[in-house]
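Novice: A single structure is presented below for examination.
The values are calculated or read from the model by the stated rules, or taken from the named source; none is laboratory data. Please read these numbers as outputs of a predicted model, since none were measured by experiment. So basically every Cβ, Gly included, is an ideal-geometry build from the backbone, and we count neighbours across all protein chains shown.
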Amino acid sequence: MELVISITIGVLAGSGIWLLLRPRTFQVIIGLSLLSYAVNLFIFGMGRLRVGAPPVLDSSVPGTLAHYADPLPQALVLTAIVISFAMTALFLVVLLAARGLSGSDHVDSVERSQ
Amino acid sequence: MTFADQLIIAPILIPLLAGGLMLLLDGRRREAIAAIGILSTLALLAVAIVLLVTSMEEDPARTLRVYLLGNWSASFGIVLVVDRLAALMLLLTATLGCAALLFALASWHRAGSYFHPLFQFLLMGLNGAFLTGDLFNLFVFFEVLLAASYGLALHGSGRARVSASLHYIVINLAASTLILIGVSLIYGTAGTLNMAALGERIPVLDPSERRLFDIGTSILGIAFLVKAAAWPLGFWLPTLYAAASAPVAALFAIMTKVGFYVILRLGSITTEASGGETMLFAEGWLFTIGIATMCFAAIGMLSSQDMGRLAGYNVLVSSGTMLAAIGLGGTGMTSAALFYLVSSTLTVAAFFLLVELVERGRTPADDVLAVTLEAYGAEEEEVDEENEVGIAIPAIMAVLGVAFLACALLLAGLPPLSGFIAKFALISNLLEQHWLGGGGIVSVQGWILLFVILISGLATVVAVTRAGMRSFWTFTERELPTIRGVELGAVALLLFLCVALTVQAGPVMRFMQVTAHGLELGRPYIGAVQSQPGNGLRQKERTP
């Protein structure tokens, strides 16, 4: 499971960074989204990967991390997802505004001459 | 908990409530919205002054105050911490907020919708970032201030602003992912995100975990260098600040200082715990980056034709100077860097406002003319000089010229204003630390910093003088800018504060020294946060 998760994070982050460096604004926004997925998985992974361990307290089980999944990274991921979602939406608006004002979807708003 | 202790959260709550209230009001009721904005910003200023005065008291329990959110103890909840440094930054933010708002009220706040709510949310994010004692909460406040700053950078719209903001947003989103990676690495190894608890955990970290932890702090440090616009991560800054509307650019002058503040704060907590060496960067890196930033900014200043870009490069100079100064280390350098921070932030903000006033009457054709005159010489002009006898510099240009002169002196660090005192303090500390302190000779790094500070000052003089001559001395037939009293008032307020900083340099410098000394000892900060009683499992364990 560790291998699958780490390969997933690596592939997502790698494609995200590649797309982030591309000249079209749409590629950049997809790159940012992929990068934020990779980071979200990474935060989740930093709480240690556990199978079959609940993050919610049960009164019959002692309250130590040996019996539970760490709930804090899950809460952090939730916050990070909300923030990155909002920022992507905001960036989309700016992207459309730039497209409308300059008539080009190049990140510098001007096409590089051949 | 007394009422005075509850004030700690006020710098976050006041702008949040004010901004929320503005959104509820009908957008056409501009006067009501502006009135709320003024009241809220003034209230922030008052709270910041109270917090600063309290933090100056002798009693150690009053200088470092901890606010537990929801009364959860530090190991479970989020804490806010006010010490001298945080109170100083809050006061600086509120002061800049007042000046920028005053300036905006003349005309700029009508250039687009939602100026006032965004302005309040930016203040809220800044104050929160200065107050919080939790790394993840710091990330959240950073996002709040960045989201508001995206909106404000776009205020007034236009192609240049949208294009510059596009780059700014992408870079900051990428930096935010770096913060998240750093924060999660730190949590994964140290098991806490509370800054004070981190200070306690570092010495007892397992060596195998320690390496991963160091990587985490370094990634976090890089993310904050992006915010501080250090070279080579700060290319976005001059374009964005030049494109942004003047009051927004003036308030943005403090945003690079947030990055610097976090580096200073995290450095202070982790340095003591790890026994002397700073954790964020390997030895000497911060210094090198600071010097590179200063050199880049000096070259940038000399090459900029546009006054807005010139002001933007000045932000980079101040950022670089502070990074290099704290990179060199020592209480004296930190206190001088803090004095420089206050002086340069106020000056750069005043300069941004002033540039807009000077450029107001200007048409694009004027710029072309000025450049051509410079390239081909201005002889042709002198022909009709005889006819021009009797035309004095108009009164408004004279007033602006005097303000411009003051700004030039402050930026370049020439006597007699506070810019000079700040640079003098930096250089004298540099020499004193090594000569009188016992080192014998000034280190190579010390000499490098000394020369780069002086050279960047020279570059500033050349660049600003050239811009000033082009605006005030060259004769161009252009309409005089129409300027309202409040706009001049905002510039005058900032410049007056710089003059006050010069006159009261002694007491201010002593305050900075005490602040820097407090930072040197990370221990009181850690102790105050950890000992604060609150709800949580610890208390339950104690009760039978």
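Novice: State all residues of region B:394-420 that are under 11 Å from residue B:495 (Cβ atoms) and surrounded by fewer than 16 Cβ atoms within 10 Å (Cβ to Cβ); if no residue qualifies, say none.
Specialist: B:402, B:405
Novice: Okay, next question. Checking the structure you have, find out if any residue of region A:66-78 is over 15 Å from the mean Cα position of the chain (by Cα), surrounded by 20 or more Cβ atoms within 10 Å (Cβ to Cβ) and part of a helix (DSSP H, G or I).
Specialist: Checked against the condition, which is being over 15 Å from the mean Cα position of the chain (by Cα), surrounded by 20 or more Cβ atoms within 10 Å (Cβ to Cβ) and part of a helix (DSSP H, G or I), region A:66-78 yields no hits at all.
Novice: Looking only at region B:146-173, filter to residues that are touching a residue at least 12 places away in the same chain (Cβ under 8 Å) and within 14 Å of residue B:226 (Cβ to Cβ); which one of those is nearest to the other protein chains (Cβ to nearest Cβ)?
Specialist: B:169
Novice: Kindly indicate which of A:41, A:21 is closer than 17 Å to residue B:175 by Cβ, more than 8 Å from chain B (Cβ to nearest Cβ), modelled with pLDDT under 95 and in contact with a helix residue (DSSP H, G or I) (Cβ under 8 Å, 6 or more places away or on another chain). Spell out the reasoning first.
Specialist: Numbers: A:41 fails: closer than 17 Å to residue B:175 by Cβ.
Being closer than 17 Å to residue B:175 by Cβ, more than 8 Å from chain B (Cβ to nearest Cβ), modelled with pLDDT under 95 and in contact with a helix residue (DSSP H, G or I) (Cβ under 8 Å, 6 or more places away or on another chain) holds for just one of A:41, A:21, which is A:21.
Novice: Test residue A:89 against the stated conditions and say whether it is small (Gly, Ala, Ser), assigned to a helix (DSSP H, G or I) and facing chain B (nearest Cβ under 7 Å).
Specialist: On the way: small (Gly, Ala, Ser): yes; assigned to a helix (DSSP H, G or I): yes; facing chain B (nearest Cβ under 7 Å): no.
Considered against the rule, which asks whether it is small (Gly, Ala, Ser), assigned to a helix (DSSP H, G or I) and facing chain B (nearest Cβ under 7 Å), residue A:89 comes out as no.
Novice: Now, a different point. Filter region A:96-114 for residues that are under 30 Å from residue B:140 (Cβ atoms) and at the interface with another protein chain (Cβ under 7 Å from one of its Cβ atoms) and give the result. It would help to see each step written out before you state the result.
Specialist: Initially, region A:96-114 is screened for residues under 30 Å from residue B:140 (Cβ atoms), giving A:96-98, A:107.
Across region A:96-114, the qualifying residues are A:97, A:98, A:107.
Novice: Something else about it: Out of all the residues in region B:49-56, is one or more part of a loop (DSSP other than H, G, I, E, B) and under 21 Å from residue B:527 (Cβ atoms)? Outline the logic, then answer.
Specialist: Of the residues in region B:49-56, the ones part of a loop (DSSP other than H, G, I, E, B) are B:56.
So of that shortlist, the ones also under 21 Å from residue B:527 (Cβ atoms) come out as B:56.
Yes.
Novice: So, in region B:102-117, how many residues would count as being within 14 Å of residue B:249 (Cβ to Cβ) and of a type in the set (A, V, I, L, M)?
Specialist: Residues of region B:102-117 within 14 Å of residue B:249 (Cβ to Cβ): B:103-104, B:108, B:111, B:115.
From what's left, of a type in the set (A, V, I, L, M): B:104, B:111.
Of the residues in region B:102-117, 2 are within 14 Å of residue B:249 (Cβ to Cβ) and of a type in the set (A, V, I, L, M).
Novice: Go through region B:257-305 and give me each residue that's at pLDDT below 85 and touching a Pro at 6+ places or on another chain (Cβ under 9 Å).
Specialist: Initial filter on region B:257-305 (at pLDDT below 85): B:267-285, B:305.
Residues satisfying the conditions are B:273, B:274, B:275.
Novice: Given the options A:47, A:63, A:31, name the one that is more than 22 Å from residue A:3 (Cα to Cα), at pLDDT below 90 and within 12 Å of chain B (Cβ to nearest Cβ).
Specialist: A:63
Novice: Could you count how many residues in region A:66-80 are away from chain B (no Cβ under 11 Å) and hydroxyl-bearing (Ser, Thr, Tyr)?
Specialist: Residues in region A:66-80 being away from chain B (no Cβ under 11 Å) and hydroxyl-bearing (Ser, Thr, Tyr): 1 in total.
Novice: Given the conditions (1) under 22 Å from the mean Cα position of the chain (by Cα); (2) more than 9 Å from every other protein chain (Cβ to nearest Cβ); (3) part of a helix (DSSP H, G or I), and given that residue A:83 satisfies all but one, which numbered condition is not satisfied?
Specialist: (2)
Novice: Also: Of the numbered conditions (1) crowded, with 19+ Cβ neighbours inside 10 Å; (2) away from every other protein chain (no Cβ under 11 Å); (3) over 27 Å from residue B:111 (Cα atoms), residue B:203 satisfies every one except a single condition; which is it?
Specialist: The number of the failed condition is (1).
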